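Novice: Take a look at the following structure, please.
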Amino acid sequence: MVNEALIVATRAGRDFVTFADVLEARTFKVHGLSDGTASTELERWETAIHEAGHAVCSYLLRPRDMIDIATVEQRGAVGGFVSWIPREDRKFDWRVDADADLVCSIVSLPTEREFFGGDNSFGVGGDLRAATALATTMLRRAAMGDTLSSPIEPQGHGDDAANDLDRRVEAKLQDRYAFAQQVIRDNRWFVLSIAH
């Protein structure tokens, strides 16, 4: 990381390393090289609002974690991201943690809809896939719903079992969406502050 910080400083035309250089080097090592920011001011603003929703929820709902970085810098297909680190290492997550993670994932959808006249971008797709996978694991494997069954593999119960799981996952996501929507409405000022 120190070597990478030296490269950052050299590219900036300095013969000394600053703490900011070390932070930039760490970000590169942990999250990869940035592709830069969105091409237009509007796209940067849209991404900033999207990521600010994640940051606000993370700050409010994940007291065990600390936000490491919130950025609108692109990395591949990702327009920006919020990353957090645990304040202490833990072996196990609890349902309350998983529920908070669901809200922090799904919040991009109500955030975009709140600030962009009910519309949303394709950028919420990855967040919704992550939330759906987590909700499925919670309900199917960890008794974090209305049932206790935790099958390893489907046992030929057919479409009825799959449809029942899909309905339970959708109900869980709808519940967390409504909660996320209220968090964003109650904290519009906070989202705008982070986005700016």
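The values are calculated or read from the model by the stated rules, or taken from the named source; none is laboratory data. Please read these numbers as outputs of a predicted model, since none were measured by experiment. Ideal geometry is used to build each Cβ from the backbone, glycine not excepted, and the neighbour counts take in all protein chains shown. Protein only, heavy atoms only, side chains kept; ligands, DNA and RNA dropped before computing areas. Shrake-Rupley method; radii C 1.70, N 1.55, O 1.52, S 1.80 Å.
Novice: Please identify the pairs in which a residue from the range 84-97 that is farther than 20 Å from Lys172 by Cβ has its Cβ atom under 6 Å from the Cβ atom of a residue that is in a loop (DSSP other than H, G, I, E, B) and open to solvent by 100 Å² or more (accessible area, probe 1.4 Å), counting only partners at least 6 apart or on another chain.
Specialist: none
Novice: Taking the range 161-192 on its own, how many of its residues are hydrophobic (A, V, I, L, M, F, W, C) and outside any helix (DSSP H, G or I)? So that I can check it myself, show each step before the final result.
Specialist: Quick first cut of the range 161-192, residues hydrophobic (A, V, I, L, M, F, W, C) only: 161-162, 165, 169, 171, 173, 178-180, 183-184, 189-192.
Now drop any that are not outside any helix (DSSP H, G or I), which leaves none.
Number satisfying all stated conditions: 0.
Novice: Within the range 88-102, does at least one residue satisfy the condition of being touching a His at 6+ places or on another chain (Cβ under 6 Å) and among the hydrophobic types (A, V, I, L, M, F, W, C)? It would help to see each step written out before you state the result.
Specialist: Taking the range 88-102 as the starting set, the residues that turn out to be touching a His at 6+ places or on another chain (Cβ under 6 Å) are none.
No, the range 88-102 contains no residue that is touching a His at 6+ places or on another chain (Cβ under 6 Å) and among the hydrophobic types (A, V, I, L, M, F, W, C).
Novice: If you take the residues in the range 113-130 that are charged (D, E, K, R) and within 20 Å of Glu170 (Cβ to Cβ), which one is most open to solvent (accessible area, probe 1.4 Å)?
Specialist: Checking each candidate, the answer is Arg129.
Novice: Please name all residue pairs, on different chains or six or more residues apart, with Cβ atoms under 6 Å, provided the first residue is in the range 169-196 and is in contact (Cβ under 8 Å) with a residue 12 or more places away in the chain and the second residue is acidic (Asp, Glu).
Specialist: Close Cβ pairs (under 6 Å, with a partner that is acidic (Asp, Glu)) amount to Ile184/Glu114.
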